Amino acid sequence: MVKQSQGTNVRELEVSRRRERAQRILDAAATLLLRWGFQKTTIDDIARLAGVAKGTIYLHWKTREELFVALIKREKLGMAEDLKQRIGVDPAATTLQEVLKHSALALMKRPLLKAILLRDMDVLGKLAHSEQSSAANAEKLMGFKIYLELLREYGLVRTDLSLRVQVYIFSAIFMGFFLIAPLMPDEFTLSDEELADLMAETVHCTLEAGRSASPEALQTVSHTFMQYLNSATERAQEQFQKEVE
């Protein structure tokens, strides 16, 4: 029994070391990707910054592309956890305008995910195309459609517009504000909070219903939304942990 327990502890320690090493490699990859971009960042560079041998990286990922895909997955998980923290304590935070505001603020903290949204080829190279593929977008839109249908059911958004049109308008607002920001003159530059607030106000005026939601409706929507977000995050976290072990 003692030997079995010792063997279990050794395996757990080894898994912990592999995970810590993988995270250190991903940290190095993130730093270099933002500094030099996808095309110029090599496995040798990442290994040097992470303090590991080049071959060690291949124990975790077979190719440079697989490593960067894992990095993007980690960034998405981080954003999901951030969003959960922002909206988990307040039922009113799951209205459409508040979800957009908190999503925007969470995204602003993650330049790699922002680069995906804006298809920044200098930073992400061909990864920008793969992350914006039809399959990837379809999966994200499916979850958003489920959430939007719930809001429609409880009268929290307009129902005189089709679901298809609402998804399009929401996407245009979210992407449009990020796309225009770097093109504006300095005198019109907004802080992150100002930008997120303005995006939220635009969605409120364009898509939300004109009447106030009942506390019961807000509570139901909040509970369902958090259930979905927790479930999706847990599945993604389990998959990610398996990949870095």
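The values are calculated or read from the model by the stated rules, or taken from the named source; none is laboratory data. As the structure is a computational prediction, the values presented were derived from the model and not from experiment. Using ideal geometry, Cβ is built from the backbone for each residue, glycine included, and neighbour counts are taken over all protein chains shown. Surface accessibility is based on the protein's heavy atoms, side chains included, excluding ligands, DNA and RNA. Shrake-Rupley method; radii C 1.70, N 1.55, O 1.52, S 1.80 Å.
Which one of Gly78, Gly88, Gly55 is open to solvent by 40 Å² or more (accessible area, probe 1.4 Å) and out of contact with any helix residue (DSSP H, G or I) (no Cβ under 7 Å at 6 or more places or on another chain)?
So the residue among Gly78, Gly88, Gly55 that is open to solvent by 40 Å² or more (accessible area, probe 1.4 Å) and out of contact with any helix residue (DSSP H, G or I) (no Cβ under 7 Å at 6 or more places or on another chain) is Gly55.
Kindly provide the set of residues from region 176-186 that are open to solvent by less than 90 Å² (accessible area, probe 1.4 Å) and within 24 Å of the chain's Cα centre (by Cα), ordered by number.
Within region 176-186, the subset open to solvent by less than 90 Å² (accessible area, probe 1.4 Å) is 176-181, 184-185.
Within region 176-186, Gly176, Phe177, Phe178, Leu179, Ile180, Ala181 qualify.
Counting only residues that are part of a helix (DSSP H, G or I) and open to solvent by 40 Å² or more (accessible area, probe 1.4 Å), region 187-205 holds 11 of them. Residues in region 27-46 that are in a helix (DSSP H, G or I), under 23 Å from Leu113 (Cα atoms), without any contact (Cβ under 8 Å) to a residue 60 or more places away in the chain and not aromatic (Phe, Trp, Tyr): Asp27, Ala28, Ala29, Thr31, Leu32, Arg35, Ile43, Asp45, Ile46.
If you check Val203, Val123 for being at pLDDT below 90, over 19 Å from Ala232 (Cα atoms) and out of contact with any Cys (no Cβ under 7 Å at 6 or more places or on another chain), only one passes: Val123.
Can you pull out every residue in region 207-236 that is assigned to a helix (DSSP H, G or I), within 16 Å of Leu156 (Cβ to Cβ) and open to solvent by 40 Å² or more (accessible area, probe 1.4 Å)? Lay out the reasoning, then the answer.
Taking region 207-236 and keeping what is assigned to a helix (DSSP H, G or I), we get 207, 215-236.
Pick out the ones that are also within 16 Å of Leu156 (Cβ to Cβ) and you get 207, 215-226, 228.
Scanning region 207-236 gives Pro215, Glu216, Gln219, Thr220, His223, Thr224, Tyr228.
Every condition in (1) modelled with pLDDT under 95; (2) out of contact with any Ser or Thr (no Cβ under 9 Å at 6 or more places or on another chain); (3) among the charged types (D, E, K, R) is met by Arg64 except one, and the failing one is (2). As for region 7-21, it holds no residue that is small (Gly, Ala, Ser) and buried (at least 18 other Cβ atoms within 10 Å of the Cβ). Here Thr31, Thr94, Thr42 are screened, and the one residue that is polar (S, T, N, Q) and open to solvent by less than 20 Å² (accessible area, probe 1.4 Å) is Thr94.
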